[in-house]
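**Q** Attaching a single structure in structure tokens format; questions to follow.
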Amino acid sequence: MRILGKHALLALLVLVSCSRGRDPDPADSKAADEPDALEELRDATRAFASLEAAVEAGYRKDVAKCLVHEHHGAMGYHHVHPDYMDAVLDITKPEILLYERLANGEYRLNGVEFIMPYSAWPRDSVPPRVFDQPMRREDTLNFWYLHVWAWKPNPDGLFADFHPDVQCPTESREVFRPDNGEA
């Protein structure tokens, strides 16, 4: 029997660990380089331009706080679909819809947020991916997240945390800084 050298053994261990059965990455099938991915998200959320339609589909109606950053704009109101807060990332079923309340009281859909709880995808592992983007950690809330500004073009980028042009009413503003452990 031949004994493997240190480097060959390490390579073999890496190969074996990578080839072991694992749960498929839920984002593998929907990469951002697919020209239809963003359009598929828009098709799936188009009806939710109306907050009433989103509520009928299971998203929470009443959200008290509109999240802002001191310097980078806002995210808006986070309308969560509790049934989607699980171990599945599906671009046609975002966990959160991001709305902005306009001066006339109407709500405008600006984007979505995808969530993956640490209980489903551990914090110390490689980030899950959606739209071929690595999700970001939110250590205070114990989940991975990614925003997609599908309905309001964001000058800071499609996947930016905050939107510089989103406004929150003074009475519902809450300053929020994501905690990704890099403070």
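**Q** Going by a ≥ b ≥ c, the root eigenvalues of the Cα gyration tensor, does segment 30-96 fall in the rounded group (a/c under 1.5), the prolate group (a/b larger than b/c) or the oblate group?
**A** oblate
**Q** Now for a separate question. Report the equivalent ellipsoid semi-axes for segment 25-175 in whole Å, largest first, defined as the square roots of five times the eigenvalues of the gyration tensor built from alpha carbon atoms.
**A** 23, 17, 15
**Q** So how do 102-114, 75-87 stack up, highest first, on mean other-Cβ count within 10 Å?
**A** Final packing ranking: 75-87, 102-114.
Laboratory data are not the source of any read-out in this text; all were calculated from the coordinates shown. Predicted, not measured: the structure shown is a model, and the values here were computed from it. Cβ coordinates were reconstructed from backbone atoms using ideal geometry, including for glycine residues, and neighbour counts include every protein chain displayed.
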